[in-house]
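None of the figures in this text is laboratory data; all of them are computed from the coordinates on show. Remember, predicted model here, so these are calculated numbers, not experimental data. Note: ideal-geometry Cβ built from the backbone for every residue, glycine included; neighbour counts use all protein chains shown.
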There are 2 protein chains.
Amino acid sequence: MTGASAPGPTPEELARGVLAGKSRPIGRAISEVERDSGDVPEILRRVFRETGRARIIGITGPPGAGKSTLVLRLAQAYRRQGRTVGVVAVDPSSPFTGGAILGDRIRMAEIYTDPGVFIRSMATRGTMGGLARATSDAVDILDAAGFQVILIETVGVGQDEVDVVRAADTTAVVLVPGLGDDIQAIKAGILEIADVFIVNKAEREGSDRAVSELSMMLDLSAHGSGSWRPPIVKTTAPSGAGVPEAVQALESHGDYLAQSAEGARRRAVRARSRLLALLEERFRRTIEARAPEPDGLEEAVRGVTARREDPYTAAGRLFDRLVRDAREGAARMTAESAS
Amino acid sequence: MTGASAPGPTPEELARGVLAGKSRPIGRAISEVERDSGDVPEILRRVFRETGRARIIGITGPPGAGKSTLVLRLAQAYRRQGRTVGVVAVDPSSPFTGGAILGDRIRMAEIYTDPGVFIRSMATRGTMGGLARATSDAVDILDAAGFQVILIETVGVGQDEVDVVRAADTTAVVLVPGLGDDIQAIKAGILEIADVFIVNKAEREGSDRAVSELSMMLDLSAHGSGSWRPPIVKTTAPSGAGVPEAVQALESHGDYLAQSAEGARRRAVRARSRLLALLEERFRRTIEARAPEPDGLEEAVRGVTARREDPYTAAGRLFDRLVRDAREGAARMTAESAS
């Protein structure tokens, strides 16, 4: 809030603060990557080499599955092991973003005052694509800052959320009993990304049935390519029951990643999708910037709308033109960054 | 099935068959646009100028809302008005794709034998992005073939489905009573695209409450930019109760589009998003084609994975290189299409 008017630190000071694990620079750095100005976030460039050490865990599932309280309990469990924890919440309904009921807030108070924990919720303004990018960047900041475990909380209901959770090494899908309809509603893509299933609110009727339904589903599907079969853990987040078992399941998966080729494969997949997203963003910006010009996007839109030209032909012509323009832009950028 | 081995018609014959509204060429043309070979579907280029006459209606909503039976009833109602109807089903759980229970199949038999109706379900293999593109193309084929009303059925649970439904002039969101949780689960994006709300399975308890909840929600939100307030209609699809009112609501919106600037605005927005999607697809193909080469995507992935280089710097360098390569490719394509 006050950061806007106060004179900011230099990029070098900011990077030093992040690498020293100081809260205020970390928060400021995440705000910078969140801003989505179209420029390269300078801070990321400065700290990126210091990333790659944290254990990154995604927690996803439908709204109402109790993900936030569970994330809190997991953070506490990791703290008891003496490990520092960063939390990135991408769920707009998350209590971390201010929607907490009183009980949650009291439980959270203890963790908010722990210097070994850093909690940040991401603003959901703008496109989901931008959010996935900013989340990856925020995770990198926390990683560079030395947090040993990073938990990403996201509501899982579609492709966009799958993209957000791609920043994680291990992904837990949280479900609740009576999820017959949920399983239908949750897209197959979400189930496929689960390394661990957590049946939360296990005190509810039907939790055993939920576990056996999930287990059957795993029997039927050739899950993943490797030899890992996602364990299913029951938890009751408010009381903390089952949380040690959940941590154990998450860490078993971490061991599996370290011992098999899967860990390296995932990090490469992640780097790849991140690069592709940045490239596409850059391409889109180039199109948008040139849209109003003669023979630009807007003119093509008018041609297609009036059925003078089919979209494929128009896109082909635009691509040719844009690529020429983009090349000039790229050359300019390269010249600028070299100076 | 047999089309693969039988000698196909020439592009000109195929286009003539589509424009004459003949079933077999229409089916073949849709298969062509569905194939997603990366080439321009020649058939679309040939018939595109004859599109823009159909009234295109999207029907979306959560799984289990009874969309397919409703679409069937709407098709019958439009047929009674003497209008021809095309149906494009993008819902993998749709009975149109073979999942029908017996009663549905009998009801469908009458419509399947009606030459004034063409029903096609889109294969959901491949990416959703590709599916949205193929759906737009299929709608164009049916439009060029002279179908006066085109109904697109799609399960609405995320951004991908919103993209699919963007091909429509008017979009109806179908919900069912007891949707308290549904409203939470259905993303705001889906609600915002509704021009008409249909509360289906209205015989169920709670249908009046569902209507009043939706109505309240509309009061609270500044819905859309124009003066259109989405009407809420109750239907019971199997018996057909409420279907005439649903058609009336859909057609009122059609009148609104024709009389206001909104219709033209939407067609432009659609052309725009279609062009952007095609441009991005082309860009992605260019990246993928060059990925294994020296200084290509794969090398950049290795650099980022090993933290030798941050993703922004790597993407910037790749963009520069790709744009140069793409330019050569585009020049080649232009030369080819000119020959």
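Couple of notes before you dig in:
- Residues in the stretch B:133-140 carry Karplus couplings, in order, of 5, 5, 5, 4, 5, 5, 4, 4 Hz; the curve used is 6.51 cos²θ - 1.76 cosθ + 1.60 with θ = phi - 60°, and Gly or Pro positions show x.
- Modelled FRET efficiency - R0 35 Å, B:R24 with A:S221, Cβ distances, 0.05 increments: 0.40
- Inter-chain Cβ neighbour count for A:281-294, averaged per residue, equals 3 (cutoff 10 Å, partner chain atoms only).
- Footprinting exposure proxy for B:L297, B:L70, B:L218 (fewest neighbouring C-beta atoms within 10 Å first): B:L218, B:L297, B:L70
- Relative exposure of A:L131, B:L220, judged by other C-beta atoms within 10 Å (fewest first): B:L220, A:L131
- Karplus-derived 3J(HN,Hα), 6.51/-1.76/1.60, for each residue of the stretch A:80-89, Hz, glycine and proline x: 5, 7, x, 9, 7, 9, x, 10, 10, 9
- Relative packing of peptides B:61-69, A:302-310, A:276-284, A:144-152 - highest average C-beta neighbours within 10 Å first: A:144-152, B:61-69, A:276-284, A:302-310
- Mean per-residue shielding of peptide B:263-274 is 4, counting Cβ atoms of other chains within 10 Å of each Cβ.
- Karplus 3J(HN,Hα) series, Hz, for the stretch A:16-25 with 6.51 cos²θ - 1.76 cosθ + 1.60 (x for Gly, Pro): 5, x, 4, 5, 7, x, 7, 4, 5, x
- Sorting B:T313, B:T171, A:T170 from the fewest to the most surrounding beta carbons within 10 angstrom yields B:T313, A:T170, B:T171.
- Placing a label point 7 Å from Cα along the Cα-to-Cβ axis, A:E192 is separated from the same position in the other copies by 2.8 nm, shortest listed first.
- Modelled this way, with points 7 Å down the Cα-to-C-beta line, the labels at B:V269 and B:R284 are 2.3 nm from one another.
- Take B:G116, move 7 Å from Cα toward the beta carbon, and the resulting point lies 7.5 nm from the same point in each other copy, nearest first.
- Using a 7 Å projection from Cα along Cα-to-Cβ, the label point at A:L19 is separated from the same position in the remaining copies by 6.9 nm, smallest value first.
- Rounded to the nearest 0.05, the FRET efficiency derived from the C-beta distance between B:D295 and A:A261 at R0 = 41 Å is 0.95.
- Residues with amide H under 5 Å from that of A:I59, placed H, sequence gap 5 or more: A:I152, A:E153, A:T154, A:A172
- FRET efficiency, A:W228 to B:R35 (Cβ-Cβ, R0 25 Å, nearest 0.05): 0.10
- Neighbouring partner chain Cβ atoms per residue of A:297-304, average, 10 Å criterion: 4
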